[in-house]
Amino acid sequence: MDMRQARALRLGLLAAALAGAAAAAPAPARAQTAVDLQLVLAVDASGSVNQYRFDLQKQGYAEAFRNPRVLKAIRSGIAGAIAVTMTQWTGPDLQIQVVDWTVLKDEGSASAFAAAIEDTPRQLFSGGTSISGAIDHGATLLLDSTQRFPGARRTIDVSGDGANNRGRAAHLARDDAVRNGITINGLPILALEPGLDRYYYDNVIGGPGAFMVTAQTYEAFAEAVLKKLITEIAARPPSESASRQEIADE
């Protein structure tokens, strides 16, 4: 073997070794993103919510994320960004993440999230009303993405028109989530159950700074969700906030 052949052999062996090392190396961790808030929007898709009512919820959320007051709230934080995802929920084992985690920091990202909400069809239609299932699902989404969004406030926002009637009691799921550093806020719609706001206060909302905004009807949902999002996004750190409160609709 001459010198040229020996050099080619050494280069070939080196390339093979480097390729093997690259294949054996662990995949890089997903990049971390600084946000002030991780927010799960849990939208009621149970049997009591007909298509008209469901569309009013979608429209209300989409309009809110296009509102400059929401963008101002987002920019008011230290990071000037939030991470949001949306789920639909019905029965104890019937929840689905319909819009993936999205970082909102400017008009373009907020508008894109609003468009994603509008473009996402309803994927659940019945199965009872399991607020506990919605909270458990939201908590899983938050805890599974903690490393991606370190240091952020973690909140589940539950909207719905009825009390928990499937699965474990709602307050048990709430208490488990709170123990994991998660706040649960609520948006009860009083169209079918006029006393639902009291039920939400006693059984659903919890954690530092927890609050709820009520909507008397589905037609009032858009105004209520706008108020709720502005309050939620611009909230002070939990240590500076009251324990629980109700923000009445106007």
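The values are calculated or read from the model by the stated rules, or taken from the named source; none is laboratory data. Remember, predicted model here, so these are calculated numbers, not experimental data. FYI the Cβ positions are ideal-geometry reconstructions off the backbone, even for glycines, and counts take in every protein chain you see. For accessibility, only protein heavy atoms count, side chains too; no ligands or nucleic acids. Shrake-Rupley method; radii C 1.70, N 1.55, O 1.52, S 1.80 Å.
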Restricting the search to region 196-235, which residues are within 18 Å of the chain's Cα centre (by Cα), among the β-branched types (Val, Ile, Thr) and open to solvent by less than 30 Å² (accessible area, probe 1.4 Å)? Val204, Ile205, Val213, Val225, Ile233
May I ask you to say which residue of Gly181, Gly162, Gly151 is of a type outside the set (A, V, I, L, M) and under 24 Å from Gly127 (Cβ atoms)? Gly162
Say we look at region 59-100 and pick out the residues that are over 28 Å from Ala170 (Cβ atoms) and among the hydrophobic types (A, V, I, L, M, F, W, C); which of these is most open to solvent (accessible area, probe 1.4 Å)? Ile78
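Residues checked against (1) touching a strand residue (DSSP E or B) at 6+ places or on another chain (Cβ under 9 Å); (2) over 17 Å from Asp157 (Cα atoms):
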position: Thr90; (1), (2): yes, no
position: Val99; (1), (2): yes, no
position: Glu107; (1), (2): no, yes
position: Ala112; (1), (2): yes, yes
position: Ile117; (1), (2): yes, no
Residues of region 170-217 satisfying the condition of being without any contact (Cβ under 8 Å) to a residue 12 or more places away in the chain and not basic (Lys, Arg): Pro194, Gly195
Taking Ala220 and the conditions (1) more than 21 Å from Ser48 (Cβ to Cβ); (2) without any contact (Cβ under 8 Å) to a residue 40 or more places away in the chain; (3) part of a helix (DSSP H, G or I), which numbered condition does it fall short on, given that it satisfies the others? (1)
Residues of region 201-227 being among the hydrophobic types (A, V, I, L, M, F, W, C) and under 18 Å from Val40 (Cα atoms), in sequence order, are Val204, Ile205, Ala210, Phe211, Met212, Val213, Phe221, Ala222, Ala224, Val225, Leu226
Suppose we filter Ala134, Ala116 for residues that are more than 25 Å from Val204 (Cβ to Cβ) and among the hydrophobic types (A, V, I, L, M, F, W, C); which single one remains? Ala116
Answer with yes or no whether Gly128 is surrounded by 15 or more Cβ atoms within 10 Å (Cβ to Cβ) and either assigned to a loop (DSSP other than H, G, I, E, B) or of a type in the set (Lys, Arg) (or both). yes
Taking Arg179, is it more than 24 Å from Phe54 (Cβ to Cβ), touching a strand residue (DSSP E or B) at 6+ places or on another chain (Cβ under 6 Å), open to solvent by 20 Å² or more (accessible area, probe 1.4 Å) and among the basic types (Lys, Arg)? no
Candidates Gly138, Gly151, Gly186 - the one that is outside any helix (DSSP H, G or I), at pLDDT 95 or above, under 24 Å from Trp101 (Cβ atoms) and of a type outside the set (Asp, Glu): Gly186
Of the residues that make up region 44-55, is at least one open to solvent by less than 40 Å² (accessible area, probe 1.4 Å), among the charged types (D, E, K, R) and out of contact with any helix residue (DSSP H, G or I) (no Cβ under 7 Å at 6 or more places or on another chain)? yes
